[in-house]
Amino acid sequence: MRTSKITRYGLLFVFVASMALARDSDDKIMIRTLKVSEHPGQEAHGIYVAGQVVTALRFEKEVDPAKTKLLAWEGRFEPPLVGGRTVVLEPIRDLDGDEAVPLLVTLVDGTEFAFLVKRPSREDWGWIDHQVNVFKDPDSYNAVLSSLYDSLKRERELSEENERFKKEENSIDHAYATLLANGQVKKTPFRRKRYWRSKNEDMDMKVELFEGPGKAAVVIHLKNTYYGGPWKFDGAYLTRDFTSYTARPFALRMDRPEIVPGQSGKISVVVDKSAFQTDGGQLADLALQIFRGDGLLQVAVTMDHTLIRQ
């Protein structure tokens, strides 16, 4: 793994990727259907959990408590609860990224299920299993019904996401972010307040912070100098600080989702004054984190509340 450098300039921090991910308090609770194959080479299925959040696994038949085991749970989980057709897990804390706790569930008819209990992967980031309905027979009535509910839920979520995208296209913050990503700063109300450059062995970075009337903005310039493959954007998070779980709203635009070796790209973020406000109405600093495709943190920037121009 590459080592990190941390560079500080005023209230601006730039991190080169190798930081572990932190769970966001807005992680969505998920109920999903898991159809287990009878193929002998089937790998153990992942169950995604979070500290102090209960996860329940429900089966078609009753579970045998004597033959159901969560290995090495002491110090990581509350004592697992097994009763009827349900197994309940409650982690004491968030698991580390490399922790995967084996869970063996045996039904009263002798059917065995193997799982690996872990924190969400980057592909599933933000999705924590609240309930997992496990089926051995994919054609049973309950399995089909559960799959139908899953499909309806996904359809509703896609509809809500499309509606959100429509609203974003018409928002002033997304319009400003588009202009900044296209290099048209003069068409926005922003003025550059701070500027910083950093580089590591595979990426040259330039970060610009802008102040504005009732808003602040960041433009991140990335140049891929690693000739081993393209750089891909994975996600962005805006919180109260780098250890907080309180997510704040923002508008983001990119001039390209992928940066091939030798190519440059820009990410622009616009944040309204309301995102800086605390419950008491005061303004507080925010932390912006940009993750790359392999799940590592590429850039982190402290957005000082003084960037909000009255």
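Taken together, the values in this text are just the output of simple stated rules run on the coordinates, not laboratory data. None of the values given here were measured: they were computed from a predicted structure. Ideal geometry is used to build each Cβ from the backbone, glycine not excepted, and the neighbour counts take in all protein chains shown.
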What number comes out for the charge environment of Pro79, summing +1 per Lys or Arg and -1 per Asp or Glu over other residues with Cβ under 14 Å away? -1
Calculate the FRET efficiency for Ile172 and Leu71 from the Cβ-Cβ distance with a Förster distance of 51 Å, rounded to the nearest 0.05. 0.45
So which of Lys35/Lys61; Lys67/Lys118; Lys193/Lys215; Lys186/Lys223; Lys232/Lys273; Lys187/Lys232 end up more than 19 Å apart by C-alpha? Lys67/Lys118; Lys186/Lys223; Lys232/Lys273; Lys187/Lys232
Based on the Cβ-Cβ distance of Lys187 and Ala44, what FRET efficiency does E = 1/(1 + (r/R0)^6) give at R0 = 51 Å, to the nearest 0.05? 0.40
